[in-house]
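Just below is one structure, and these are the notes that go with it.
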Amino acid sequence: MSLTAPSSDPGAPRFRVRPPANWMNDPNGPFRWRDRYHLFYQHNPAAPVHTNVHWGHVSSADLVEWEHHPIALTPTPGGPDEAGCWSGCVVDDDGVPTAVYTGVDRRHVGLGAICLARAVVPEDETLTDWKPLPTPVVTGPPADLDVVMFRDPFVFRGGGRRWALVGAGHADGTPSVLLYDCDDLSDWRFAGVFLDGNDPVAADAFGDKAVGWECPQLYSTEGGEWVLVLSLWDGDPCSTGYLTGRLDPGAEGELRFAPRTGGRLDHGRDFYAPAVLQEPDRALMWGWSWEARGQDEVDRAGSWS
C-alpha cells in the first residue's frame, strides 16, 4: 500500500501517491537512483488550489511503500520560476541527478523557460536537497515560430546524443513537439519541429480539437519502435494519446518522429500528464488522476485536492 496521509474523507485515495495535504497534479521526473525510485509531482504546499506550484517528492525501494521527503523545488523570488516550478523530468548528468523543468515568471503568459536544478549531495540516495541554477538554459521558444504555448521538457537519448522534447502550441491552433539538442545539458540548441498536428497519422489518432501538446514523453520498445506519449490540451486538459513509430535523422543530423499508428491512452479527461521512466526491460508510467469536485467541496472534505 502506498503511504498516504490519513484523512476523514472517505473519497481520499488510499492506494495512490499523494501529499499529506493540499494540491497536487502532474507527476514529474520519475527517476531511479541507487536502489530507490524517486517520483516528483506538482504541489501547492499551502492550499488545495492550483497555484504556487512547487515540486513535491517521494521515494520508494519497491514501488509500493512510498516515503515523503521535503519539497524538492521551490519558486525563487525574482527568478525565472518565481510563479511556479512546473513540469519536467530528472536525468543523470555525469553522476549528478538534475531536474529539467518549466519555470514560469511573474508575467505568467504561457511561455515557460527551461530551468535546471541539481542534487546537492548526489551520494545521498534520498536526494532531499536541490539547488536551482539562477539562469534558464532556454528562455523561451524560437523567435521565428508563432508559439503561444511552450513547456514540459523531456530529455532522452537517441542517435548517440542527448535531446529534449518540449510541448508546444502555435497561434494558428496547431499543436507540436519541439526538439532541442542538449548533449551538453547546459548548452541547448533548437533542432526543429519533432512532430506537429498536421501529420496525418497524428491527426487520425487524435482528431483536431487539441491546440497544444503537453508533457511529451518518449520511450523505446523491445522491438525497436519508439512510443511518443502526449497530453492533449484544448484550453484545458483534454485527453492523453500515444503514437508508435521510428526516429528518422534529419538533414542536419537532427531527429524527426515518423509515426506509424496511434490512439488514446484514456478515453476521458481523468487521466492526464503521464510521465514515463524507461528501464532496461520495461517502461513505467505514472499519470495524474484528477477530479471534478468544486472548491467548496474540496474545502469541506479536508483540504486535499
Inter-site label distance for residue 50 and residue 248 at 7 Å from Cα along Cβ, in nm: 3.6
Can you list the HN-Hα couplings for region 145-153, worked out from phi with the Karplus curve (6.51, -1.76, 1.60; θ = phi - 60°), rounded to whole Hz and with x for Gly and Pro? 9, 8, 8, 10, 9, 7, 6, 6, x
Relative contact order of region 3-148, defined on C-alpha pairs under 8 angstrom at six or more residues apart (%): 16
Here FRET efficiency (C-beta to C-beta, residue 106 to residue 291, R₀ 41 Å, nearest 0.05) is 0.90
Connecting C-alpha atoms closer than 10 Å in a GNM of the chain, tell me which of 244, 74, 135 has the biggest fluctuation. 135
Within region 108-124, list the residues whose amide N lies under 19 Å from a label point set 7 Å along Cα→Cβ of residue 143. 111-114
Length gain on complete extension for the stretch residue 34 to residue 269, per 0.36 nm per residue less the alpha carbon to alpha carbon distance? 81.1 nm
For region 58-65, take each phi angle, set θ = phi - 60°, evaluate the Karplus expression 6.51 cos²θ - 1.76 cosθ + 1.60, and give the result in whole Hz per residue in order, putting x for glycine and proline. 9, 9, 8, 8, 9, 6, 10, 8
Scattering profile of region 97-253 from the Debye formula, Cα beads only, expressed as log10 I(q)/I(0) at q = 0.14 Å⁻¹, is -0.74
For region 1-87, what's the relative contact order in percent, using C-alpha pairs closer than 8 Å and at least 6 residues apart? 23
Under the rule of at least 5 residues apart or a separate chain, name every residue whose amide H is placed under 5 Å from the amide H of residue 66. 3
Taking R0 as 41 Å and r as the Cβ-Cβ distance between residue 303 and residue 171, the FRET efficiency 1/(1 + (r/R0)^6), rounded to the nearest 0.05, comes to 0.60
Sites residue 133 and residue 260, calculated FRET efficiency, Cβ-Cβ separation with R0 30 Å, nearest 0.05: 0.20
Neighbours of residue 171 by Cβ distance under 15 Å: Lys/Arg at +1, Asp/Glu at -1, summed charge -4
Take every Cα-Cα pair in region 202-293 and report what % of them are more than 17 Å apart. 52
Cα-Cα pairs above 31 Å in the chain: how many percent? 25
Checking 168, 203, 21 against a Gaussian network model of the chain (alpha-carbon springs below 10 Å), the top fluctuating residue turns out to be 203
Inter-label distance, nm, simple model (7 Å from Cα along the C-beta direction), residue 282/residue 198: 4.1
Along the Cα-to-C-beta direction of residue 186, a point sits 7 Å from the Cα; which residues of region 61-98 have their amide N less than 18 Å from that point? 91-98
What is the packing order of peptides 90-102, 45-57, 251-263, taking the mean over residues of other C-beta atoms within 10 Å and listing the highest first? 90-102, 45-57, 251-263
Express in nm, to one decimal, how much length is gained between residue 225 and residue 64 on full extension, taking 0.36 nm for each residue of separation and deducting their alpha carbon distance. 55.0 nm
Helix-only CD estimate at 222 nm, as mean residue ellipticity for the chain, using -39500 (n - 2.57) per DSSP H run (n ≥ 4): -1000 deg cm²/dmol
Debye-sum result for region 54-99 in log10 I(q)/I(0), which assumes one identical scatterer on each alpha carbon, at q = 0.20, 0.23, 0.25 Å⁻¹: -0.83, -0.97, -1.02
Scoring region 177-305 by relative contact order with C-alpha pairs under 8 Å, at least six apart, yields a percentage of 18
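All of the numbers you see were taken from the coordinates with simple rules; none came from a lab. Keep in mind it's a predicted model, so treat the numbers as computed, not measured. Cβ: placed from backbone, ideal geometry, glycine included. Neighbour counts: every protein chain shown.
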